[in-house]
Amino acid sequence: MKANDILKHVDHTLLKADSTWGQIQQLTEEAIENKTASICIPPTYIKRVNDKYGDKINICTVIGFPLGYSVTAAKVVEAKQAIADGANEVDMVINICDAKNGDFGKIEDEIREIKAACGDKILKVIIETCYLTDEEKIAMCKAVTNAKADYIKTSTGFGTAGATIEDIILFRENIGPKVKMKAAGGMKTYEDMVAFLDEGADRLGTSSGVKLVLGHEAK
């Protein structure tokens, strides 16, 4: 797999609480140079990035992040504001408390409401697999499919573990045909990235993806 074939699937990510404008600019310029699928950045930087680079880069952001237990109305406001500021993709965190309580209908309703707020923009649903059983993950695959979100995503990168190949395989077997998959967190090597793509992931959320791919190409 060639470098550009991998990088076009990468959401080049910086979501640390202490991210500076200089770091966000560096991330954005790396993404533009390497033609990544998007940058994934904190909501506070969307408008600033859009004002400076908006015609050059696809902007992704996060809502209800990273714990997911904000009320639905707050997440809807976050999504609308992110899109107004220039985001084209929104990665939402589900209410994991609801998942652990088995209230998947409530989660489905929330996803549907946020998708309506996003309109024609892409909505990715982070289910934070590290906290869920396989049965709960399967239930989330159904909820994401029924609510007509665009992607199911493994992880925030702030939980106890990131993406696994086993989770992507489980997703693939249980999502609807119109739902794509994003693996996030846990990718430490070029080979990891290739493996997730080979299993059907369409996006890779990683802060080190560009470095890993370019390092491999330089060998």
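The values are calculated or read from the model by the stated rules, or taken from the named source; none is laboratory data. Bear in mind the structure is a predicted one, so any value in this text is a computation, not a measurement. Glycine also receives a Cβ, built like all others from the backbone with ideal geometry; neighbour counts cover every protein chain displayed. Just so you know, the surface numbers come from the protein's heavy atoms only, side chains and all, with ligands and any DNA or RNA stripped out. Shrake-Rupley method; radii C 1.70, N 1.55, O 1.52, S 1.80 Å.
Worth a mention:
- Distance in nm between pseudo-label sites at ASN146 and GLN23 (7 Å out along the Cβ direction from Cα): 3.9 nm
- On the beta carbon distance between GLU191 and ILE169, with R0 = 22 Å, the FRET formula returns roughly 0.85.
- Think of the chain as a dipole: +1 on every Lys or Arg Cβ, -1 on every Asp or Glu Cβ, centred on the Cα centre; then among ALA116, ALA201, ALA139, ALA116 lies furthest on the positive end.
- Helix-derived mean residue ellipticity, 222 nm - over the chain, DSSP H n ≥ 4, -39500 (n - 2.57), to 500: -14000 deg cm²/dmol
- Among the cysteines of the chain, CYS97, CYS118, CYS130, CYS141 have no other cysteine beta carbon within less than 4.7 Å of their own.
- Measuring between alpha carbons in the structure, the pairs from LYS80/LYS142; LYS2/LYS124; LYS75/LYS148 lying more than 21 angstrom apart are LYS80/LYS142; LYS2/LYS124.
- Using alpha carbons only, the radius of gyration of segment 1-114 set against its Kirkwood radius gives Rg/Rh = 1.03.
- Average Cα contact separation per residue, segment 114-219, under 8 Å, 6 or more apart, as relative contact order %: 23 percent
- Sites LYS2 and ASP55 - FRET efficiency at Förster radius 25 Å, r taken between beta-carbons, to 0.05: 0.45
- Measuring nothing but protein heavy atoms, the accessible surface of the chain at 1.4 Å probe radius is 51 percent carbon and sulfur.
- Per residue, the chain exposes an accessible area of 45 Å² to a 1.4 Å probe, with every protein chain left in place.
- For the chain, with +1 on Lys and Arg beta carbons and -1 on Asp and Glu, the positive-most of THR164, PRO66, THR44 along the dipole: THR44
- Formal net charge of residues neighbouring LEU197 (Cβ-Cβ distance under 14 Å; K, R +1; D, E -1): -1
- Three-way shape label, the chain, alpha-carbon gyration tensor, a/c 1.5: oblate
- Label point 7 Å beyond Cα of ALA161 along Cβ direction - residues of segment 185-200 with amide nitrogen under 12 Å: 186
- Principal axis extents of the C-alpha atoms in segment 54-180 (largest first, rounded to whole Å): 40, 29, 28.
- Segment 33-184, relative contact order [Cα under 8 Å, separation at least 6], %: 18 percent
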